[in-house]
Each structure stands twice: as C-alpha cells, then as structure tokens.
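Some notes on the structure that comes next.
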C-alpha cells in the first residue's frame with residue numbers, strides 16, 4: 001500500500017529531519033535530483049532538451065533552480081523564469097539562484113519567452129503552503145502552462161491544487177508527471193486534484209520517520225493478497241451465502257444488478273428477496289428468490305428467516321421510500337446480527353438522521369453513499385460536504401461504528417478504527433446507472449467470505465478495475481452496469497487472482 005499524509009505531517013517530518021541534523025540545503029539538493037530525473041524520464045532524454053522552469057519565491061522555486069543546474073550538467077538547455085522576481089527569493093532560494101547563475105544557467109523575466117520552444121515545462125510555482133486560487137503573478141503563469149503545448153512536470157504538486165483536500169478552487173496546472181517530495185500527499189490522490197497530477201512519483205528525501213499515515217492507497221498486489229482464490233474443496237456454502245433485499249415496482253433492475261454483482265464477487269449462494277421474484281428469476285437464474293410482502297412485519301419475518309445461515313445481507317437498491325419500507329430498513333439495521341451492506345434506499349431510510357446508524361447489532365456495517373446520499377446522512381448539502389470528505393468520512397465512520405464507502409472518483413473507504421483507504425481505480429465507464437448496485441452486491445459477496453474492512457476496500461478497488469476493463473472492451477460511453485459485472489473476472493485476472 002502507498003501511505004499518504006497531510007501536507008502538515010510532511011512539514012513536521014521536515015522539521016524533525018532538521019532536528020536530526022539534516023540541512024535544508026541537503027533536502028533541496030535531493031529534491032532537485034528527483035525533479036531533474038523526472039524531467040529526463042518524461043522526455044526520454046537530457047542532452048539538448050529545452051526545459052522551461054517557472055519558479056516561485058518559496059522552496060519550490062529553489063528546487064526548480066537547483067534542478068535547472070543539474071539539468072544543465074546533464075547537457076540540457078534549461079531556461080528559468082522567476083515569476084515573482086529574483087528580489088523575492090530568500091535563503092535557500094537565493095543561494096540556488098547564485099549557483100545556477102555561476103554554472104551559466106539562463107534566466108528570463110518573461111513566462112512566454114521561457115515557454116517558447118520548450119520541450120518540457122516544469123511547474124515550481126506554488127508549494128503546499130499556498131491556499132485558494134492562484135493570484136497574480138502566479139495566475140498568469142498557471143494559465144500560460146495550461147495553454148502551452150509542452151508536457152508539464154510539477155514539483156511536489158501542480159500549482160493551484162490543494163494537496164490536503166484535493167480541491168481545485170480556481171485555475172490550476174495540469175501536469176503530465178508530478179514528482180511529489182518527501183511523502184505522498186493525500187489530496188493528490190483525490191479528485192478533482194487527481195485529474196491535474198498526471199502520473200505521480202515519489203521523490204524520497206529521507207525524512208520518513210514512522211509517522212502514521214492518514215490513509216493508504218491500495219495497489220494490485222494488496223488486493224490480490226486480500227482475495228485468495230477458493231480452495232479446491234470449496235462448496236457453495238463455504239464461498240459465502242448472501243441475501244439481498246432490494247427492488248420494488250419499476251426498480252426491479254436495481255435488485256437484479258445487485259444480485260449480479262454478488263455472483264460476480266464469487267458468492268456461492270445468493271437469495272434475492274424482492275417484490276417481483278418472477279422477473280428476477282428470469283434475469284438471474286443462478287439466484288434463489290423470495291417474494292417480499294408489502295406488510296412490513298411480514299417482510300421482516302421473511303428476511304429474518306432468510307438470513308439464518310447466511311453470511312451477509314445487502315439492503316437498499318431500488319427498495320423504495322414508502323413509510324413501511326423505511327421502518328423495515330431501520331428495524332433490520334437495529335436487529336440483524338450478520339454483516340450488513342446498506343446502499344441507496346437503505347441509506348435514504350436514515351435521511352437527516354445518520355447518527356441513528358450507530359444503533360446496530362451487526363458485526364460489520366458497510367455504508368456505500370454517493371455524494372448526495374452522504375450529504376443527506378449528515379444533514380447537509382451533498383456538494384457542501386463532499387469537499388470535506390477527507391476528514392469527514394473517517395469521522396462519521398468512527399461515530400457510527402461503520403465502514404463508510406464515499407463513492408465517486410477516488411472513492412474513500414474509512415473504517416471505524418481510523419484506517420482509511422483511497423481507491424485509485426475506476427473511470428468514466430462507471431458513470432452510468434446501476435454500477436453502484438453492482439458494487440453493493442460485490443461488497444456483500446466479499447464480506448460474506450471475510451467480514452473485514454480490508455475486504456470492503458478490496459471490493460471497491462476490484463469494482464473500479466472492472467469498470468476500466470469494461471471501458472477497454474468497447475467505447476467508455478457505451479458501458480453498462482451489466483458490462484461492469486461481466487468484467488469482474490477479467491479484473492481478478494489482472495490482479496493475479498486466477499481462481
């Protein structure tokens with residue numbers, strides 16, 4: 001897993017490195033080496049490479065000057081533009097300017113002149129200490145980088161993005177490669193910032209000191225380890241018994257897609273409790289079905305009977321929001337004692353009353369809200385709270401005693417014990433109706449086999465990877481939720497799970 005930290009944590013690591021005797025000059029030299037290598041790697045060469053380096057007044061600017069000196073030594077032709085003027089440089093930056101000049105490095109006061117004819121542009125404008133949208137003269141430099149035809153390497157982060165929250169409050173650089181320094185910053189893995197960073201590589205400065213990361217990014221090897229193939233002596237009940245309570249008139253498709261997701265996740269036995277079992281049987285012949293009575297008391301008794309011997313229960317997709325249904329959902333959350341995955345109308349039963357979710361008996365409660373549903377649970381605008389999800393999702397996971405999957409680009413998965421994962425997989429192929437229902441079934445199948453928060457994170461990774469695979473098989477715009485479910489086996493093979 002890739003550990004990620006807040007910018008404040010990384011600054012504290014810097015400070016502790018200084019206390020151990022590391023100098024700021026040494027850190028800048030290491031940073032410059034990583035940046036120069038990143039530029040050469042992106043271009044595929046150093047000799048004769050025309051490089052425009054746009055520098056601000058802070059440490060990022062000093063890193064850029066030091067990288068320019070190193071590129072010059074490797075036969076490149078760098079041109080440095082000090083966007084805020086050289087009189088704003090202090091300490092390490094002023095020292096690096098003098099060293100760059102002493103080696104014959106070129107300087108210009110014009111951003112356009114620096115970028116003219118450049119093979120690669122380097123963004124060393126703003127660091128993690130900047131906040132809000134870039135202001136003059138940086139705003140103009142950001143626009144120039146955006147309009148330039150040259151590929152861009154960002155030093156530490158693309159200027160204009162928030163490396164803590166992932167917000168992009170105004171114009172921002174779109175990098176092809178980001179060389180992030182010291183440690184991975186949380187915000188660079190979150191959208192919309194994720195759409196600005198390009199490929200992210202770590203420039204190790206030797207400051208890591210055992211600081212606890214605020215989150216981790218799963219990698220394919222992690223997920224492969226978390227999803228071992230079934231043993232040779234497996235049978236349907238050892239592979240996970242799943243019950244799905246979903247579907248209502250006009251919403252049978254959501255129930256079918258959820259069952260399809262559970263089967264794709266390897267559940268050995270799936271029972272779909274729904275209002276139209278005949279339609280479900282025709283669409284998912286592999287699943288058992290049961291008819292849900294409109295009476296809430298009878299429906300509760302039905303589900304209670306079905307989950308005897310079951311390993312997990314999913315509630316919500318297409319279930320409806322009738323008063324009796326809301327009461328049924330809330331009672332099931334309070335009383336069932338098997339791992340429970342709550343989505344869609346299962347979540348809507350707690351609209352404005354998310355704290356009531358803390359009153360549950362199940363050994364593992366998983367919530368899978370998208371932005372609007374998450375907002376309803378916490379009693380605020382979905383868009384208003386979404387920008388705070390990096391801190392708010394772990395907070396409510398702890399408060400409610402639940403694993404919370406905040407769905408969307410760079411989905412966040414937070415466990416009650418504070419562990420948090422950022423999901424790196426997925427694409428626009430998932431931006432279509434029903435893919436969330438497939439995810440619900442997939443999560444339920446995997447926690448039926450192992451009721452752990454890590455399994456939830458693995459399911460989210462696998463779902464995103466299946467979306468990518470479905471997009472590769474055809475046009476992304478034409479991918480359907482069933483395509484995503486059908487692509488799960490290919491996604492499993494990609495991460496090395498053959499069984």
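Within the stretch 483-492, which residues are surrounded by fewer than 18 Cβ atoms within 10 Å (Cβ to Cβ) and either under 16 Å from residue 434 (Cα atoms) or not assigned by TED's automatic domain parsing to the domain that holds residue 435 (or both)?
Within the stretch 483-492, just 486 meets the criteria.
Is there a residue being assigned by TED's automatic domain parsing to the domain that holds residue 439, over 26 Å from the mean Cα position of the chain (by Cα) and more than 30 Å from residue 433 (Cβ to Cβ) anywhere in the stretch 237-255?
Yes: one or more hits.
Quick check: is even one residue across the stretch 464-475 under 26 Å from residue 247 (Cα atoms) and surrounded by fewer than 24 Cβ atoms within 10 Å (Cβ to Cβ)?
Within the stretch 464-475, none of the residues are under 26 Å from residue 247 (Cα atoms) and surrounded by fewer than 24 Cβ atoms within 10 Å (Cβ to Cβ).
Residues being at pLDDT 90 or above, closer than 17 Å to residue 269 by Cβ and either in contact with a helix residue (DSSP H, G or I) (Cβ under 8 Å, 6 or more places away or on another chain) or surrounded by 13 or more Cβ atoms within 10 Å (Cβ to Cβ) (or both): count how many of those fall in the stretch 221-251.
Residues meeting the conditions: 10.
For the stretch 252-266, enumerate the residues that are buried (at least 24 other Cβ atoms within 10 Å of the Cβ) and part of a loop (DSSP other than H, G, I, E, B).
Answer for the stretch 252-266, where residues must be buried (at least 24 other Cβ atoms within 10 Å of the Cβ) and part of a loop (DSSP other than H, G, I, E, B): just 265.
Looking at the stretch 267-321 only, could you name the residues that are surrounded by fewer than 16 Cβ atoms within 10 Å (Cβ to Cβ) and touching a residue at least 60 places away in the same chain (Cβ under 8 Å)?
309 - this is the single residue of the stretch 267-321 that is surrounded by fewer than 16 Cβ atoms within 10 Å (Cβ to Cβ) and touching a residue at least 60 places away in the same chain (Cβ under 8 Å).
Please enumerate the residues belonging to the stretch 410-452 that are at positive phi and under 19 Å from the mean Cα position of the chain (by Cα).
Those that are at positive phi and under 19 Å from the mean Cα position of the chain (by Cα): 410, 418, 426.
Going by what's in this entry, would residue 118 be described as assigned by TED's automatic domain parsing to the domain that holds residue 202, modelled with pLDDT under 95, buried (at least 18 other Cβ atoms within 10 Å of the Cβ) and assigned to a loop (DSSP other than H, G, I, E, B)?
Considered against the rule, which asks whether it is assigned by TED's automatic domain parsing to the domain that holds residue 202, modelled with pLDDT under 95, buried (at least 18 other Cβ atoms within 10 Å of the Cβ) and assigned to a loop (DSSP other than H, G, I, E, B), residue 118 comes out as no.
Starting from the stretch 336-351, keep only residues that are within 19 Å of residue 397 (Cβ to Cβ), then list their pairs with residues that are part of a strand (DSSP E or B) whose Cβ atoms are within a distance under 6 Å, requiring at least 6 positions of separation or different chains.
339/312; 340/313; 340/365; 341/314; 341/366; 342/315; 342/367; 346/315
Residues checked against (1) touching a strand residue (DSSP E or B) at 6+ places or on another chain (Cβ under 7 Å); (2) farther than 25 Å from residue 283 by Cα; (3) modelled with pLDDT of 95 or more:
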site: 457; (1), (2), (3): yes, yes, yes
site: 462; (1), (2), (3): no, no, yes
site: 465; (1), (2), (3): no, no, yes
site: 470; (1), (2), (3): no, no, yes
site: 477; (1), (2), (3): no, no, no
site: 484; (1), (2), (3): no, no, yes
site: 497; (1), (2), (3): no, yes, no
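Does at least one position in the stretch 198-209 carry a residue that is surrounded by 18 or more Cβ atoms within 10 Å (Cβ to Cβ), free of Cβ contacts under 8 Å to residues at least 24 places away in the same chain and not in a loop (DSSP other than H, G, I, E, B)?
Checked the stretch 198-209: at least one residue is surrounded by 18 or more Cβ atoms within 10 Å (Cβ to Cβ), free of Cβ contacts under 8 Å to residues at least 24 places away in the same chain and not in a loop (DSSP other than H, G, I, E, B).
For residue 13, all conditions in the list (1) in contact with a strand residue (DSSP E or B) (Cβ under 9 Å, 6 or more places away or on another chain); (2) farther than 30 Å from residue 419 by Cβ hold save one; what is the number of the exception?
Only one criterion is unmet by residue 13, namely (2).
Identify all residues within the stretch 129-158 that are surrounded by 24 or more Cβ atoms within 10 Å (Cβ to Cβ), in contact (Cβ under 8 Å) with a residue 60 or more places away in the chain and at negative phi; write none if there are none.
Hits for the stretch 129-158 are 141, 145, 153, 155.
Name the residue that is farthest from residue 1 (Cα to Cα), counting only residues in the stretch 210-220 that are part of a strand (DSSP E or B) and touching a helix residue (DSSP H, G or I) at 6+ places or on another chain (Cβ under 8 Å).
215
Quick check on my filter: what residues within the stretch 128-142 are in a helix (DSSP H, G or I) and in contact with a helix residue (DSSP H, G or I) (Cβ under 9 Å, 6 or more places away or on another chain)?
140, 141 - these are the residues of the stretch 128-142 that are in a helix (DSSP H, G or I) and in contact with a helix residue (DSSP H, G or I) (Cβ under 9 Å, 6 or more places away or on another chain).
The values are calculated or read from the model by the stated rules, or taken from the named source; none is laboratory data. Being a predicted model, the structure only gives us computed values, none of them experimental. Here Cβ is always computed from backbone atoms with ideal geometry, including for glycine, and neighbour counts include all displayed protein chains.
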